[in-house]
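Novice: Here it is, the structure in full.
Laboratory data are not the source of any read-out in this text; all were calculated from the coordinates shown. Since the structure is predicted, the reported quantities are computational estimates derived from the model, not experimental observations. Here the Cβ is made from the backbone with ideal geometry for all residues, glycine too, and neighbour counts use every protein chain on show.
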Number of protein chains: 2
Amino acid sequence: MDTLLDFIEKVVGAKNILRGEDVRARPADWITKEPCLALALVRPASADQLSQVMALCYEADQPVVTHGGLTGLVRGAVAASNELVISLERMTEIESVDPVGGTLTVQAGVPLQIVQEAAEQIGMQFALDLGARGSCTIGGNIATNAGGIRVIRYGMMRDQVLGLEVVLADGSVVSSMNNMLKNNAGYDLKHMFIGSEGTLGIVTRAVLKLQPQQSASQTALVACDSFESLVGLLQHMRQTLGGELGAFEVMWRSYYALLTKESGRHNAPLDTDAPFYVLIESLGNDQAETAQRFEQAITSAFEKELLSDAVVANSDTQRDRLWAIREDIEGLSELIAPRFVFDISLPIVDMDTYVNELEVSVRKIWPDAKVVVFGHLGDGNLHVSISTGDSNEETRIKIESLVYKPLQEIGGSISAEHGIGLKKKDHLSISRNPGEIALMMRLKEAMDPKGLLNRGKVLPNKN
Amino acid sequence: MDTLLDFIEKVVGAKNILRGEDVRARPADWITKEPCLALALVRPASADQLSQVMALCYEADQPVVTHGGLTGLVRGAVAASNELVISLERMTEIESVDPVGGTLTVQAGVPLQIVQEAAEQIGMQFALDLGARGSCTIGGNIATNAGGIRVIRYGMMRDQVLGLEVVLADGSVVSSMNNMLKNNAGYDLKHMFIGSEGTLGIVTRAVLKLQPQQSASQTALVACDSFESLVGLLQHMRQTLGGELGAFEVMWRSYYALLTKESGRHNAPLDTDAPFYVLIESLGNDQAETAQRFEQAITSAFEKELLSDAVVANSDTQRDRLWAIREDIEGLSELIAPRFVFDISLPIVDMDTYVNELEVSVRKIWPDAKVVVFGHLGDGNLHVSISTGDSNEETRIKIESLVYKPLQEIGGSISAEHGIGLKKKDHLSISRNPGEIALMMRLKEAMDPKGLLNRGKVLPNKN
């Protein structure tokens, strides 16, 4: 094996191939903080270096795992001791900026926040946003088709990418750096790689699409008396705010009451006796106009009895306080540790029944269990936390079954935005049928016949 | 060969397999109206029937061409005499409507306009729109990733599709009928088929995403004194109208003057001496508010000297008259017949120089040639018509070279929204590099190893 690493060292230089303790000193996963077990960690400076590294790996049948910011939630970047880690940490250049076309061309290792800031500097915005913005990288956002809090307005990472450069398993570089909004000249190859979690190719560069900046915003927290009115409220807000609706984040009472009154972590801006709470945000360009529209939308929702109570933020501080309740995942973790966490999507019409029945089925086994729910309602995406008081394997298997089985009947997804990785791999067939999985495996076989890229992740093992 | 057709007849019934003169009576192409030369035309009633038909074709190595509404512009549906046509004309059902999730589930043969009307009936809209709406089908829109006049606001057909059902070359059915906005459970297979022009699979059903209805609109025709101010105007409108900007259609003077003063086909709402004219439309929900915003946006553009003249439509009739100029492709065809037509995209910053240099290079050979340009500026998409007075093959080849060669240097596309089909196949390498084409061919090989689906279209022939 040393021969391969020696050849790789000649490509990237001695400083850029870590072995032994230097690898162990790196975490394999940001949640467990377990040490990285990989054979070695290689830090190419360019697609060209990576191409040479992959050509060597291909010849030696050496499997690899790609590392971005390591903020994933499905163990998609965990490497085994016979695997080589490719880290894109040296590929952090913002290569070019086109204010007229509204694009940024970047290397894959650039953190999301740096991209957001670069967009702001030319008076535009990069529309993907999520809590891990400071650490996660553009390459990782692409590989996992990241979601976050602006999907209702701007779509997922897939919608922010115009072009890609990818290194394939055999080391060949495919540069598909399209910078146009419309290009129907042959297959749109980028979509094959976006969301493939590093199993079909390694993204090295991207052309990103920017959006106009939104200088005005309005935020409210409202209470809803029933799921029916909650859905009516979503439709009402979509209709009245149109393109300005920027967030519609729902907290079930289980979440809202826990994070406010029950724990005292946050003041409760509204009483905790309603079944649903929604954080609504509009994004516009003119503060007075945006505020007026928003107020009208809230007032008319009141009149239609789509909401029972509301507080509108009248300062940035108030806005931040409202968001702090929704985003206090750290608090949630502390309050109901240990917990099992799920990221599911399902048709909105099925949500209320699904959550109610889940609570019943969980409490039938663990009468004191906590089922805490919040999510991006407009996207059909819920984050469900379940705490039974223990975290052992048997409980995990039972809970997963209670969460996933009804999803299969509804046609829901076991992963709305986090991906499959290793963690959900055994459950893929809940959300995808045998025909779909066979087609995915056919694609994987065509793109990576030796199975070198993120081996054993996402798809079932070949027999 | 008769044996295969007999077996197919048993699947679809005698009435649903046309042969001989019945096939010849059908057009192969809506522009040339030439007769369809195919061996036979098969009209399956369902994905199940199509699956059986394709399994028979696969066994017999029988190539097929799929027909939707036959409104394509790149000869993508033309069948040779040894090919079988699969027509989806009997698969026209709207299967289900979900007003809460905002989705429609339809068979692939449904015409676009029927889908638009079904969406309107539940108070929503289907956002794809183009001139051929009455004839083109959803399956064809998907296969070609159709564009049209609302791309600047809602994206292309790709952005309107949540799930697909596809019959593969070997007859297997892949049902990937996702109806959720977010689903990261494994590869997003639909994107492989969208825009693949019938070469990777035959789309039989789809889940379509709907948008809120926009009840208010405002339309203006404005004149710009320079390309610089035109680009400034686009940015200004994006910034001030935000999500309400619904169209930004530019006509070069060559187009606007020809269709108005020079031909007398339309009254000229503005003088014809400016180099650029733009049809701007905003879409909102409140007529008074939308009108006020629009007026402010136009007024402030005036003050910034981003436009030199403007007329705002104050009735539906006036609006229709403005759009009639932009959409009079029939008039254009008559006025400068014969003409060579191109559908290109390129970075906006390069457009002005590109068009100017194209005019110079064309007139160097044909001093009296007409170069007429209009397009979807915000999308980077131009439609270029060139008339030299003749339509012979030699001229065509020269003109194609003048149009495409500079595009290659800029990194533009030879097809923004029409696709490649047969017509542009030999030029694919202008817009896509050898690595990209090799990857496309690898995909084609994996999905359709016998090359039965729309053989010889889009990609170079093997060897």
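Novice: For residue A:409, place a label point 7 Å from Cα along the Cα-to-Cβ direction in every copy; what are the distances to the other copies, in nm, shortest first?
Specialist: 6.6
Novice: For the range B:147-152, what does the Karplus curve 6.51 cos²θ - 1.76 cosθ + 1.60, with θ = phi - 60°, yield as ³J(HN,Hα) per residue in whole Hz, taken in order and with x for Gly and Pro?
Specialist: For the range B:147-152, the Karplus-derived couplings read x, x, 8, 10, 4, 4 Hz, x marking Gly and Pro.
Novice: May I pose another question? Over 23 Å between Cα atoms, which of A:370/A:457; A:209/B:457; B:405/B:425; B:370/B:398; B:182/B:450 qualify?
Specialist: Beyond 23 Å: A:370/A:457; A:209/B:457; B:182/B:450.
Novice: Here is a follow-up. So who's got an amide H within less than 5 Å of the one on residue A:60, skipping anything under 5 residues away but keeping other chains? H placed 1.01 Å off N, in plane.
Specialist: Placed amide hydrogens put nothing under 5 Å from residue A:60.
Novice: Distance between Cα centroids, the range A:157-236 to the range B:136-188: provide it in whole Å.
Specialist: Each part's Cα centre sits 15 Å from the other's.
Novice: Also: Along Cα-to-Cβ, 7 Å out, sits the label point; list in nm, shortest first, how far the one on residue A:60 is from those in the other copies.
Specialist: 5.3
Novice: So what's the angle, to the nearest 10 degrees on a 0 to 90 scale, between helix B:2-12 and the longest Cα principal axis of chain B?
Specialist: Computed tilt is about 70 degrees.
Novice: Still on this structure, I have one more. Taking R0 as 35 Å, what's the FRET efficiency between residue A:462 and residue B:30 from their Cβ-Cβ distance, rounded to 0.05?
Specialist: Rounded to the nearest 0.05, the efficiency is 0.15.
Novice: Closest to the A-onto-B rotation axis, which residue of chain A has its Cβ, and how many Å off the axis is it?
Specialist: Result for the A and B rotation: A:243, 1.
Novice: What is the angle, in °, between the Cα long axis of helix A:434-447 and the longest principal axis of the Cα atoms in chain A? Nearest 10 is fine, range 0 to 90.
Specialist: 40
Novice: Please list the three semi-axes, largest first and in whole Å, of the ellipsoid equivalent to the range B:83-140, using sqrt of 5 times the eigenvalues of its alpha carbon gyration tensor.
Specialist: 22, 13, 8
Novice: When only C-alpha pairs under 8 Å and at least 6 residues apart count, what is the relative contact order of the range B:2-87, in percent?
Specialist: It rounds to 33 percent for the range B:2-87.
Novice: Placing the label point 7 Å from Cα along the Cα-to-Cβ direction, what are the distances from residue B:368 to the equivalent spots in the other copies, shortest first, in nm to one decimal?
Specialist: In ascending order, 9.6 nm.
Novice: Taking Cα pairs under 8 Å and at least six residues apart, what relative contact order does chain B come out at, in percent?
Specialist: Across chain B, relative contact order equals 15 percent.
Novice: Which whole-number percentage describes the relative contact order of the range A:94-212, with Cα contacts under 8 Å and a sequence gap of 6 or more?
Specialist: It comes to 33 percent, rounded to a whole number.
Novice: In whole Å, how far is the Cα centre of the range B:39-114 from that of the range B:242-274?
Specialist: 38
Novice: Sticking with this structure for a sec: Can you give me the long-range amide H partners of residue A:103? Hydrogens built in the peptide plane at 1.01 Å from N, cutoff under 5 Å, separation of 5 or more residues or another chain.
Specialist: A:98, A:210
Novice: Another one. What do you get for trypsin sites (Lys or Arg not before Pro) in the range B:12-61 restricted to DSSP loop and a cutoff of at most 12 other Cβ within 10 Å of the site's Cβ?
Specialist: Here the sparse-neighbourhood loop sites are B:33.
Novice: Something else now. Within 10 Å of each Cβ of B:412-423, how many other protein chain Cβ atoms are there on average?
Specialist: Values: counts 5, 7, 4, 5, 6, 3, 2, 3, 4, 0, 0, 0.
Across B:412-423, the average partner-chain Cβ count within 10 Å equals 3.
Novice: Exactly which trypsin sites (Lys or Arg not before Pro) in the range B:408-463 are in a DSSP loop and have at most 15 other Cβ atoms within 10 Å?
Specialist: Loop-located and lightly packed - B:450, B:462.
Novice: Still on this structure: Could you work out the helix-only [θ] at 222 nm for chain B, with each DSSP H run of four or more residues adding -39,500 (n - 2.57) and the total divided by the number of residues, to the nearest 500 deg cm²/dmol?
Specialist: Values: 16 runs with 163 residues, N = 463.
Here the helix-only value at 222 nm equals -10500 deg cm²/dmol.
Novice: Let me ask another. So if I take the centroid of the Cα atoms in the range A:318-377 and the same for the range B:304-330, what is the distance between those two points in Å?
Specialist: Cα centres, the range A:318-377 to the range B:304-330: 52 Å.
Novice: Between helix B:287-303 and chain B, what is the angle of the helix's C-alpha long axis to the longest principal axis, kept within 0 to 90° and rounded to the nearest 10?
Specialist: Helix B:287-303 and the main axis of chain B meet at about 60 degrees.
Novice: Return the average number of partner chain Cβ atoms within 10 angstrom of each residue Cβ along peptide B:169-181. Intermediate values should be presented prior to the final figure.
Specialist: Numbers: counts 0, 0, 0, 3, 1, 8, 3, 5, 3, 6, 6, 13, 13.
Averaged over the peptide's residues, the number is 5.
Novice: Other chains' Cβ within 10 Å of B:252-260 residues: what's the mean?
Specialist: If you average over the peptide's residues, the count of other-chain Cβ atoms is 0.
Novice: For the range A:94-212, what is the convex hull (Cα atoms) projected area averaged across all directions, in square nanometres?
Specialist: Average of the hull's projected areas for the range A:94-212 equals 7.0 nm².
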